[in-house]
Amino acid sequence: MAAPRRRPALTSALFGIALEKSWNERFSTFIEYSARQIARARDGGSVSTFDIGAGWLLGKSVRLDTALSRGINRNAPDWNWTAGVSLRF
């Protein structure tokens, strides 16, 4: 009887670096390089983006944010937009 075939392990990592600027107590902006996935082609390949965004603090417990991402390699989406709400409990 033949031994069962073992699937190779999935190997990946991520990396990011960001700069943020607070313009006042409630408003800030950022730029970022993000490698959301660093992997071999057989594991899906690497996904890298350049992002810009902003955040607004509405009070002590609520923050709104938005970001626009531009894919910088073929595995990343060309454009991506996000918006979010963060609540402190």
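The values are calculated or read from the model by the stated rules, or taken from the named source; none is laboratory data. Since we're looking at a predicted model, the values are computed, not measured. Virtual Cβ from ideal backbone geometry, glycine too; neighbours counted across all protein chains shown.
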Worksheet, complete the sentence: Picked from the range 33-89 (must be exposed (fewer than 14 other Cβ atoms within 10 Å of the Cβ) and of a type in the set (Phe, Trp, Tyr)), the residue farthest from residue 16 (Cα to Cα) is 89
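When you go through 18, 35, 3 one by one, which is the residue that is at pLDDT below 95, among the small types (Gly, Ala, Ser) and touching a Phe, Trp or Tyr at 6+ places or on another chain (Cβ under 6 Å)? Full working, then the answer.
Numbers: 18 fails: at pLDDT below 95; 3 fails: touching a Phe, Trp or Tyr at 6+ places or on another chain (Cβ under 6 Å).
Result of the check over 18, 35, 3: 35.
Within the range 21-39, work out how many residues are more than 15 Å from the chain's Cα centre (by Cα) and assigned to a strand (DSSP E or B). Talk me through it step by step, then tell me what you get.
So in the range 21-39, the residues more than 15 Å from the chain's Cα centre (by Cα) come out as 21-29, 39.
Subset that is assigned to a strand (DSSP E or B): 21-22, 27-29, 39.
Residues that pass the stated criteria total 6.
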Worksheet item: Mind checking whether some residue in the range 19-36 is touching a residue at least 24 places away in the same chain (Cβ under 8 Å) and aromatic (Phe, Trp, Tyr)?
Response: yes
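Suppose the filter is within 13 Å of the chain's Cα centre (by Cα) and touching a residue at least 24 places away in the same chain (Cβ under 8 Å); does residue 83 pass it? Walk me through it before giving the result.
Numbers: within 13 Å of the chain's Cα centre (by Cα): yes; touching a residue at least 24 places away in the same chain (Cβ under 8 Å): no.
No.
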